[in-house]
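Below is one structure; the comments refer to it alone.
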Amino acid sequence: MDSLWNLLPREPIRSVCFTGHRQIKLSDGDRVRLRETLEVLIKDGAADFYAGGAQGWDTVCARTVLALRAKYPEIRLHLVLPCPIRDFTRQWELGPAALLYSVAERADDVETLAPEYFPGCMKKRNLRLVEAADCCVCWYDSTRRASGTGQTVRFAEQKGIKVINLLEEQQ
């Protein structure tokens, strides 16, 4: 766990965004590492966490933040959706859609970036996530650069914020 402190920049991190692939297989150890990483960031001053609402990594991270609020009541979850939740989840299976609705009900706020789905609304959401953050915690396979996750990681790198890739750290 001490090695995580070395990942932090000199300036305290106040806000964190998440990006990651939708199709992921996380072990119990991966979930523990995520929780430990977030706790290190919280102890360093992070209080605002921004999740994009997608299936997979976004939802895992959002649920982890919600669980951590029991121990750290000062932290806030901001859900940033590209379009209204009913449009965003229209093609989803019932289970993942219900999970996102549950996260939205418990989030501190839900920001919807467009009144309806349009080509490019996901990119707008990805930009907003990075715009709001001092750090990006991701689950990113760098061989999948053409993905939305790859796009968001590149936005974070261009902004010059710290990127913590928990997928690469496990390999």
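The values are calculated or read from the model by the stated rules, or taken from the named source; none is laboratory data. Predicted, not measured: the structure shown is a model, and the values here were computed from it. A quick note on method: Cβ atoms are made from the backbone with ideal geometry, for glycine too, and the neighbour counts reach across all protein chains shown.
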*Within the stretch 125-171, can you find the residues that are in contact (Cβ under 8 Å) with a residue 12 or more places away in the chain and β-branched (Val, Ile, Thr)?*
130, 137, 149, 152, 153, 161, 163, 164
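Output the residue which, of all residues in the stretch 90-100 that are in a helix (DSSP H, G or I) and under 20 Å from the mean Cα position of the chain (by Cα), is surrounded by the fewest Cβ atoms within 10 Å (Cβ to Cβ).
Filtering first and then ranking leaves 95.
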_If I filter the stretch 39-46 for residues that are under 30 Å from residue 87 (Cβ atoms), within 16 Å of the chain's Cα centre (by Cα) and not hydroxyl-bearing (Ser, Thr, Tyr), do I get at least one hit?_
no
*Can you name every residue in the stretch 51-70 that is surrounded by fewer than 17 Cβ atoms within 10 Å (Cβ to Cβ) and either of a type in the set (Lys, Arg) or in a helix (DSSP H, G or I) (or both)?*
67, 69
*Any idea which of 109, 87, 48 is of a type in the set (Asp, Glu), surrounded by fewer than 21 Cβ atoms within 10 Å (Cβ to Cβ), touching a residue at least 60 places away in the same chain (Cβ under 8 Å) and within 18 Å of residue 125 (Cβ to Cβ)?*
48
_Count of residues meeting criterion [within 12 Å of the chain's Cα centre (by Cα), assigned to a loop (DSSP other than H, G, I, E, B) and farther than 24 Å from residue 109 by Cα] in the stretch 129-168_ = 1
*Inter-residue pairs, beta-carbon under 6 Å, first in contact (Cβ under 8 Å) with a residue 24 or more places away in the chain and surrounded by 14 or more Cβ atoms within 10 Å (Cβ to Cβ) and in the stretch 15-32, second part of a strand (DSSP E or B) and among the small types (Gly, Ala, Ser), 6+ apart*: 18/51
*asked:* When the residues of the stretch 8-38 are narrowed to those that are basic (Lys, Arg) and over 22 Å from residue 149 (Cβ atoms), which ends up farthest from the chain's Cα centre (by Cα)?
replied: 10
_Long-range neighbours under 9 Å by Cβ, at least six apart or interchain, first residue more than 13 Å from residue 18 (Cβ to Cβ) and of a type in the set (Phe, Trp, Tyr) within the stretch 57-73, second at pLDDT 95 or above and in a loop (DSSP other than H, G, I, E, B)_ = 72/47
